[in-house]
Amino acid sequence: MTLQSSVEELNGVGPQLAKKLQILGISTVFDLIDYIPRRYDDYSDIQMISQIKPGLVTLRVVIKQAKGRYVRRGLHITEAVASDATSSIKLVWFNQPYRATGLKSNEEYFISGEFGFSGRQLNITNPSVESVSGFPVNTARILPIYRETKGLNSKQIRKAVHSALPFIRGLDETLPSNLVSSQKLYSRSKAYESLHFPENSEDLALARKRLGFEEVFRLSLASLLVKKEQERSDAHAIIFSEVLAQSFVKHLPFDLTNGQRRAVWSVYQDIQKKHPMNRLLEGDVGSGKTVVAAMSAVMALEKGFQVALLAPTALLARQHADTLSTLLEPLGMSERVQLLVGSMNAKQKANLKKAIREQSGTLLIGTHAILEADVTPKNMALIIVDEQHRFGVEQRKKLMKKAKLVPHVLSMTATPIPRSLALTLYGEMDVTLLTEKPGNRKPIKTTLVPPTDRKKIYESIKEQLSVGRQAFVVCPLVRDSDLLPAKSAEETYETLRKGPIKQQIVGLLHGKMKPAEKDAVMQKFLNKELDILVSTTVIEVGVDVPNASVMLVESPERFGLAQLHQLRGRVGRSEHQGHCYLMLSDSHQPSRRLRAVESSQDGFKLAELDLEIRGPGAIYGTLQHGDLDLRIAKLSDVQLINSARKAAQEFIDSRQNLLDYHELHQHITQLQKVTQLN
């Protein structure tokens, strides 16, 4: 047998059990070893019967008087008395008739189970029982609880894993021995054994540290190798023109922030090199990323190169086209802006695609339509990807392959990402942060509102509408659900149309609508044909409605902190004061998370808090960065991430041959497919 042998070949795992394990994705012996517990129950504290209290307990006892009987058809009960030196207690098993004959008198057993009331008596119901003389798998230790399926519980999985223990102890090391030693890590075999059969909580923590470290090390190594490979690729060197940069800035109707100046200078330094830039511009809501993109594009356009700007929606693409045309007009470059979206007719598309093939020095703005096979740019030197996490890696690769040389890439996101998360997810990219807001932006006034004040808030919204402003009302659900007691967009839309604000024109927008329908509704709102837009989170990113000054978020408890911060960033995007009301679902005290949104305008601080309180899913779940397979490492563990990333860099610097580590090499190759952009 080998690690790749069928799990059915393990002792005690027959065809039926193997079929059930396969439902959980477990086909081979290694699949079973690599099946990570989702949590643990601690039965390691062995107590005396006289001391136990209701809850999870473990006893070391002798069992007497074990008897079984059928109390009615289909229900069998086995009852026994367990005793130690201090007292006795009743044990009860349901539908386990083998218990009575399997228990030997005068032999000591570990009993683990839940002590509490059953049938108006205090007893232990359906406890696990194992002889003290053997290796305890289901008692007297910290027990792993696995994801289960019908007819297969954690007890059976633990038993199967125990059968694989010789294979666990024979696992080969996958990390360099000097790294295991310098980082004081468990060996791979010790880590897997302690993951499934921890001796104590410290043993379990060290097992998780080793396996989590390896996950982040592999990911960091893959991304750093991608970065190194990119540095060996050829790109167009776009020479900086100080005169052009000064001319652009002189014609701006506002002053650049220091953050924008630093970001633009980073880009200018990168694109002068003959290897491709791969930079992530991470800017908080309203920090002015578009101007940085425009200044980056101008330098390439002036040298006769093509630039592509990829946007997640047609509406946002049109908005970018309008904004960039305005910014480029004083330089006489507005005619170079070309818009390609799916809704254009065949003749328009054909003419534009011909121009893209033949013309130099153009700025092509579009959605996924840019990725179509017959769009073949002449000399694309720079790609700007807005809200880059909205696009899969494969889509970005497709776009980059259209260029003769590898183009420079500037990715932009308004999602504030904590440093530990950015290092892990975007290790192949250089990261620039934009944290300042333009001088004309006022902080958005955010208020937590109890449901009893709903009428008052509607009056505040009507006041804003009466002076020509517009409002968003955001709901967590599209339609009502019996499972989630939260406001839905459809219900709220109908309520507002017929109720408290019925004299206003109300629109509805949600993710289940067709793209063309969504664009049409959003365009109406932009054109001020709607006073109020009731929406789900589809308005979270991108669209700029300067006239919108007020937002009401229903059931804010259903949103992450970063998400709430993104949402409120849709208002207050002009000289008008922005207001965001968070309408609580009930009158209980608001959570720490919501109080933080009310008191802080700093998206990066809120993202850090979201990571701390809710875990990476609150942020990472929206990023769609590919299958990064972080099952054990906690992205809130900054120390682990920094250590693993540093170790990955040291591995590269030491020039060790990755091929010497077969399994590590396989993982790295797979991860490079996820992070590789060219």
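Given the conditions (1) closer than 25 Å to ARG99 by Cβ; (2) outside any loop (DSSP other than H, G, I, E, B); (3) at pLDDT 90 or above, which single one is not true for LYS64? Result: LYS64 fails condition (3) only. Among the residues making up the stretch 47-58, a single one is open to solvent by less than 80 Å² (accessible area, probe 1.4 Å), touching a residue at least 60 places away in the same chain (Cβ under 8 Å) and over 40 Å from the mean Cα position of the chain (by Cα): ILE52.
Look through the stretch 627-658, keep the residues that are part of a loop (DSSP other than H, G, I, E, B) and surrounded by fewer than 15 Cβ atoms within 10 Å (Cβ to Cβ), and return whichever of them is modelled with the lowest pLDDT. Here the answer is ASP627.
Of the residues that sit in the stretch 291-320 and are open to solvent by 10 Å² or more (accessible area, probe 1.4 Å) and at pLDDT 90 or above, which one is farthest from LYS518 (Cα to Cα)? So, considering only residues that are open to solvent by 10 Å² or more (accessible area, probe 1.4 Å) and at pLDDT 90 or above, the one farthest from LYS518 (Cα to Cα) is LYS303. Criterion first (open to solvent by 40 Å² or more (accessible area, probe 1.4 Å), within 23 Å of ALA314 (Cβ to Cβ) and not hydroxyl-bearing (Ser, Thr, Tyr)) does ALA489 satisfy it? Against the criterion (open to solvent by 40 Å² or more (accessible area, probe 1.4 Å), within 23 Å of ALA314 (Cβ to Cβ) and not hydroxyl-bearing (Ser, Thr, Tyr)), ALA489 does not qualify. Being touching a helix residue (DSSP H, G or I) at 6+ places or on another chain (Cβ under 9 Å) and not aromatic (Phe, Trp, Tyr) is a property that ILE157 has. So which pairs qualify, if the first residue must be in the stretch 429-450 and farther than 16 Å from ASP284 by Cα, the second must be open to solvent by 50 Å² or more (accessible area, probe 1.4 Å) and not in a strand (DSSP E or B), the Cβ gap must be under 7 Å, and the two must be at least 6 apart or on different chains? What qualifies is THR446/GLU598; THR447/GLU598; LEU448/GLU598; PRO450/SER587. For the stretch 113-136, filtered to residues that are outside any strand (DSSP E or B) and of a type outside the set (Gly, Ala, Ser), the residue that is farthest from the chain's Cα centre (by Cα) is ARG120.
Every listed requirement among (1) modelled with pLDDT of 90 or more; (2) within 23 Å of SER555 (Cβ to Cβ); (3) open to solvent by less than 10 Å² (accessible area, probe 1.4 Å) is met by LEU410 save one, (2).
Looking only at residues in the stretch 224-249 that are of a type in the set (D, E, K, R) and part of a helix (DSSP H, G or I), the one that is most open to solvent (accessible area, probe 1.4 Å) is ARG232. If the condition is being touching a Ser or Thr at 6+ places or on another chain (Cβ under 9 Å), open to solvent by 40 Å² or more (accessible area, probe 1.4 Å) and more than 30 Å from PRO253 (Cα to Cα), then the stretch 564-590 contributes SER585, SER587. All conditions in (1) more than 28 Å from VAL226 (Cα to Cα); (2) part of a helix (DSSP H, G or I) hold for GLN338, with the sole exception of (2).
Can you tell me how many residues within the stretch 497-556 are under 23 Å from GLY288 (Cβ atoms), over 28 Å from the mean Cα position of the chain (by Cα) and open to solvent by 40 Å² or more (accessible area, probe 1.4 Å)? The number of residues fulfilling the criteria is 2.
Restricting the stretch 559-596 to residues that are assigned to a loop (DSSP other than H, G, I, E, B) and of a type in the set (Gly, Ala, Ser) leaves a set whose member that is nearest to GLU612 (Cα to Cα) is GLY560. Among residues of the stretch 206-234 that are free of Cβ contacts under 8 Å to residues at least 24 places away in the same chain, those with a beta-carbon under 7 Å from a residue that is open to solvent by less than 10 Å² (accessible area, probe 1.4 Å) and of a type in the set (A, V, I, L, M, F, W, C) at least six positions away or on a different chain give the pairs ALA207/ALA191; ALA207/LEU195.
It is to be established whether one or more residues within the stretch 518-525 are acidic (Asp, Glu) and touching a helix residue (DSSP H, G or I) at 6+ places or on another chain (Cβ under 8 Å). Checked against the condition, which is being acidic (Asp, Glu) and touching a helix residue (DSSP H, G or I) at 6+ places or on another chain (Cβ under 8 Å), the stretch 518-525 yields at least one hit. Kindly evaluate PHE110 against the criterion of being loosely packed, with under 11 Cβ neighbours inside 10 Å and part of a strand (DSSP E or B). Taking the combined requirement at face value, the residue does not satisfy it.
Just name the residue that is modelled with the highest pLDDT out of those in the stretch 591-608 that are open to solvent by 30 Å² or more (accessible area, probe 1.4 Å) and more than 21 Å from LYS437 (Cα to Cα).
The initial filter retains those residues of the stretch 591-608 that are open to solvent by 30 Å² or more (accessible area, probe 1.4 Å), namely 591-592, 595, 598-599, 601-602, 604-605, 608.
Subsequent filtering for residues that are more than 21 Å from LYS437 (Cα to Cα) retains 591-592, 595.
Values: SER591: 85, ARG592: 85, ARG595: 92.
Step by step, filter the stretch 591-608, then rank; the result is ARG595.
Look at (1) surrounded by 11 or more Cβ atoms within 10 Å (Cβ to Cβ); (2) basic (Lys, Arg); (3) in contact (Cβ under 8 Å) with a residue 60 or more places away in the chain and you find that LYS64 fails only one, number (3).
Scanning the stretch 4-48 for residues that are in a helix (DSSP H, G or I) and either touching a Leu at 6+ places or on another chain (Cβ under 6 Å) or polar (S, T, N, Q) (or both) gives VAL7, GLN16, LYS20, GLN22, VAL29, PHE30.
In the set (1) hydroxyl-bearing (Ser, Thr, Tyr); (2) part of a helix (DSSP H, G or I); (3) closer than 24 Å to THR2 by Cα; (4) open to solvent by 40 Å² or more (accessible area, probe 1.4 Å), TYR186 fails one condition alone, (2). Of all the residues in the stretch 228-270, those that are among the hydroxyl-bearing types (Ser, Thr, Tyr), in contact with a Pro (Cβ under 9 Å, 6 or more places away or on another chain) and under 22 Å from ASN379 (Cβ atoms) number 1.
Filtered by the rule that a residue be open to solvent by 50 Å² or more (accessible area, probe 1.4 Å) and at pLDDT 90 or above, the stretch 441-453 gives LYS445, THR447, THR452.
Could you list, in sequence order, all residues of the stretch 139-178 that are without any contact (Cβ under 8 Å) to a residue 40 or more places away in the chain and more than 19 Å from LEU17 (Cβ to Cβ)? Correct list: ARG169, GLY170, GLU173, SER177, ASN178.
Of all residues in the stretch 250-281, those satisfying the criterion of being in contact with a Lys or Arg (Cβ under 9 Å, 6 or more places away or on another chain) and crowded, with 21+ Cβ neighbours inside 10 Å are GLN260, ALA263, VAL267, ASP270, ASN278, LEU281.
Scanning the stretch 256-299 for residues that are without any contact (Cβ under 8 Å) to a residue 12 or more places away in the chain and under 27 Å from LEU606 (Cα atoms) gives a single hit, ARG261.
The values are calculated or read from the model by the stated rules, or taken from the named source; none is laboratory data. None of these values were measured; they are calculated from a predicted model. Please note: Cβ atoms are built from the backbone with ideal geometry, for glycine as well, and neighbour counts cover all protein chains shown. To get the accessible areas, we keep the full protein, side chains included, count just its heavy atoms, and leave off ligands, DNA and RNA. Shrake-Rupley method; radii C 1.70, N 1.55, O 1.52, S 1.80 Å.
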